[in-house]
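Contents: one structure, followed by commentary.
Every number in this text was worked out from the coordinates using simple rules, so none of it is lab data. Predicted model, so just to flag it, every value in this text is computed and none were measured. Please note: Cβ atoms are built from the backbone with ideal geometry, for glycine as well, and neighbour counts cover all protein chains shown.
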Amino acid sequence: MTLLRALLAAAALAATTLVDVRVYPIPWKPGSGDAAFDTPAVTFDRLPPACEATIFTLRGQKVWKGVANGAGVLTWNGLNEAGRSVGSGTYLVLFNGGGTKTTRRVVVVR
């Protein structure tokens, strides 16, 4: 196995804690045409399998909830639980998995 393959295999493993959670792109600019920030969804990775992610507004209103797959990856397409696009703003994501909790922020620019 080459070094590159070994590194890719290690990167693909799901995490067991929330220490290295990644959220990208930040800011998320759907429809902007900016290659670095215009993606179909926000990605959360390096999560424990079955980790729950709950997204809130800064006022504490629940926006959306999802569960990471077995590889420790979860995506959010910018829709709330009613299926409507969320507005521009900063959102807080509460991750609950691997016996711990942590928060990260997501910035949406529409």
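With a 10 Å cut-off between alpha carbons and a GNM built on the chain, which of Val63, Val73, Val19 moves the most?
Comparing Val63, Val73, Val19 in a Gaussian network model of the chain, the most mobile one is Val19.
Would you mind working out the magnitude of the charge dipole of the chain relative to its Cα centre, with +1 at each Lys and Arg C-beta and -1 at each Asp and Glu C-beta, to the nearest 20 Debye?
In total the dipole reaches around 240 debye.
Only Cα pairs under 8 Å and at least 6 apart count here; give the relative contact order of the chain as a rounded whole percent.
28
Go ahead and set up a Gaussian network model of the chain, Cα springs under 10 Å, then flag whichever of Arg59, Arg22, Arg46 fluctuates most.
Of Arg59, Arg22, Arg46, the most mobile in the Gaussian network model is Arg59.
So how tilted is helix 3-12 from the main axis of the chain? Cα-based, degrees 0 to 90, rounded to 10.
That works out to roughly 50 degrees.
Which aspartates and glutamates does Lys101 reach when only Cα atoms under 17 Å apart count, and residues fewer than 8 places away in its own chain are ignored?
Within the straight-line cut-off, Lys101 pairs with Asp20, Asp45, Glu52.
Just from its helices, what would the mean residue ellipticity at 222 nm be for the chain, if runs of 4 or more DSSP H residues each count -39500 (n - 2.57) and the sum is divided by every residue, rounded to the nearest 500 deg cm²/dmol?
Helix-only estimate at 222 nm: -2500 deg cm²/dmol.
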